[in-house]
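Novice: What follows is a structure written as structure tokens; I'll ask about it next.
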Amino acid sequence: MKIGIDLHGVSDAFPEFFAEMTRLFVGADHHVVIMTGELVTPALHEQLKRCGLHYNELFSIAQHHKDKGTPMVFDEKNTPWIDVDLWDRAKGEYAKEHGLDIVLDDTDRYAPYFETPYMFCKALRRPAPKD
């Protein structure tokens, strides 16, 4: 299988679970793609390492569009901004072009752009029990 898993809001919300899940998938010769909107930077790689995720490939919406030369502006936090329609369709197009079998993501507005099965996935931690 080829599985796309969103980083922010999914795998980073419960990293212990997704670290083990991705370890099992990769260990069983499944292809795991970590998907993010963030530009590929050393800080992103450090975050992936801290989360303990196992993956074969990394797909970044921002990096994909930067590499294509899509007009992009950066705000004061260095967050990249492009045309919202181009942004919203990027993961769905990638999934189709690369033959992903399923994508787990927490951004519901991306769903209309998927032909690949898309699972809306919001990982929430339960509060720790109180003494």
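Novice: Hey, can you tell me all the residues within segment 108-120 that are assigned to a loop (DSSP other than H, G, I, E, B) and surrounded by 17 or more Cβ atoms within 10 Å (Cβ to Cβ)?
Specialist: Taking segment 108-120 as the starting set, the residues that turn out to be assigned to a loop (DSSP other than H, G, I, E, B) are 114-117.
If the condition is that a residue be assigned to a loop (DSSP other than H, G, I, E, B) and surrounded by 17 or more Cβ atoms within 10 Å (Cβ to Cβ), then 114, 116 are the ones that fit.
Novice: Sort out which residues of segment 12-28 are at pLDDT 95 or above and of a type in the set (Gly, Ala, Ser), and write them in order of number.
Specialist: Within segment 12-28, 19, 27, 28 meet the criteria.
The values are calculated or read from the model by the stated rules, or taken from the named source; none is laboratory data. Just so you know, these numbers come straight off a predicted model, no measurement behind them. Glycine gets a Cβ as well: all are built from the backbone with ideal geometry, and neighbour counts include every protein chain shown.
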